[in-house]
1. Report the Cα centroid-to-centroid distance between the stretch 116-140 and the stretch 224-253 in angstrom, as an integer.
2. What do you get for GluC sites (Glu not before Pro) in the stretch 145-239 restricted to DSSP loop and a cutoff of at most 12 other Cβ within 10 Å of the site's Cβ?
3. For the chain, give the magnitude of the charge dipole about the Cα centre (Cβ charges: +1 Lys/Arg, -1 Asp/Glu; no others), in debye to the nearest 20.
4. I'd like the trypsin sites (Lys or Arg not before Pro) in the stretch 54-121 restricted to DSSP loop residues with at most 11 other Cβ atoms within 10 Å, sorted by number.
5. With a sphere of radius 12 Å drawn around the Cβ of Ile179, what net charge do the other residues whose Cβ falls strictly inside it have (Lys, Arg +1; Asp, Glu -1)?
6. Give me the percent of the accessible area of the stretch 117-263 that comes from carbon and sulfur atoms, probe 1.4 Å, all protein chains in place.
7. Using a probe radius of 1.4 Å on heavy atoms only, what accessible surface per residue do you get for the stretch 77-224? Whole Å² is fine.
8. What's the FRET efficiency of Leu190 with Asp4 using the Cβ-Cβ distance as r and R₀ = 45 Å, to the nearest 0.05?
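The values are calculated or read from the model by the stated rules, or taken from the named source; none is laboratory data. Note that the coordinates shown come from a computational prediction; the quantities given were computed from them, not determined experimentally. FYI the Cβ positions are ideal-geometry reconstructions off the backbone, even for glycines, and counts take in every protein chain you see. Heavy atoms of the whole protein, side chains included, go into the accessibility calculation; ligands, DNA and RNA do not. Shrake-Rupley method; radii C 1.70, N 1.55, O 1.52, S 1.80 Å.
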Amino acid sequence: MKLDAKSTIEAGKAILGIELGSTRIKAVLIDQENNPIAQGSHTWENQLVDGLWTYSVEAVWYGLQDCYADLRTNVKSLYDTEIETLAAIGVSAMMHGYMAFNEKEEILVPFRTWRNTNTGQAAAALSELFVYNIPLRWSISHLYQAILDNEEHVPSINYLTTLAGFVHWQITGQKVLGIGDASGMLPIDLITKNYSSEMVDKFDKLIAPKGYDWKLRDILPKVLSAGENAGFLTPEGASRLDVSGHLKAGIPVCPPEGDAGTG
């Protein structure tokens with residue numbers, strides 16, 4: 001039996017998609033036949049800090065919470081009901097960029113977005129090394145540029161991810177990335193559906209003289225294909241999205257993706 005929108009929400013059958021775009025954060029609730037039934041949004045802007053385009057971690061969480069609150073308000077207005085649980089959640093965001101964390105899960109430098117073009121030297125060197133075009137905005141370009149610039153945070157890197165990967169990690173505890181978003185960090189091997197082992201090995205050899213404690217494989221998110229288990233919404237994750245406390249933990253969350261696929 002096909003459920004109406006209100007019954008779909010109350011039965012926990014609705015699916016939530018969240019997209020962190022460059023100018024807006026969007027939340028769209030769909031039914032089991034992929035029809036939109038409610039939405040919410042939050043407008044934001046990047047900031048230029050020390051010559052680099054960024055969004056603060058505080059802005060990310062404020063924006064997500066405001067966006068979800070807007071969705072809740074709209075659901076209440078349209079259907080006179082509350083979102084308590086969902087069939088699934090998916091997070092996507094602007095691809096590429098650089099979010100580096102230490103072992104205490106503290107961000108080491110402000111998020112460097114896809115807009116930054118300070119990585120010309122690194123992108124050119126890696127394109128030659130890999131015999132593969134590496135764009136300025138890719139995460140590996142940002143990482144190598146930080147190494148070339150002898151930035152003091154680099155030895156402390158414990159995890160490197162994208163914006164979608166960061167949000168997913170914080171709401172599920174899982175350090176994973178959908179294969180589309182991962183392909184904007186480092187080229188993907190079409191056979192293994194993982195980062196190119198050849199390029200990873202070349203990169204590790206290139207930076208070996210620096211003597212860092214980490215290897216590239218250790219700090220990148222695990223690559224997942226669509227449909228693979230990417231974890232579940234934790235109690236902490238639920239409260240970070242829905243400050244009202246109505247949303248329950250345990251909802252499956254799909255691999256986080258980049259906006260190339262969702263756009």
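1. Distance between centres, Cα-based: 34 Å.
2. Sites meeting the loop and neighbour criteria: Glu152.
3. Dipole about the Cα centre, nearest 20: 280 debye.
4. On the way: sites: Arg72, Lys76, Lys104, Arg112, Arg115; in loops: Lys104, Arg115.
Filter output for the stretch 54-121: Lys104.
5. Numbers: positive: Lys193, Lys222; negative: Asp181, Asp189, Glu228, Glu257.
Within the 12 Å Cβ shell, the charges total -2.
6. Details: 3490 of 6740 Å².
In the stretch 117-263, the share of accessible area belonging to carbon and sulfur is 52 percent.
7. Numbers: 6400 Å² over 148 residues.
In whole numbers, the stretch 77-224 has 43 Å² accessible per residue.
8. Values: r = 43 Å, r/R0 = 0.96.
Here the calculated transfer efficiency is 0.55.
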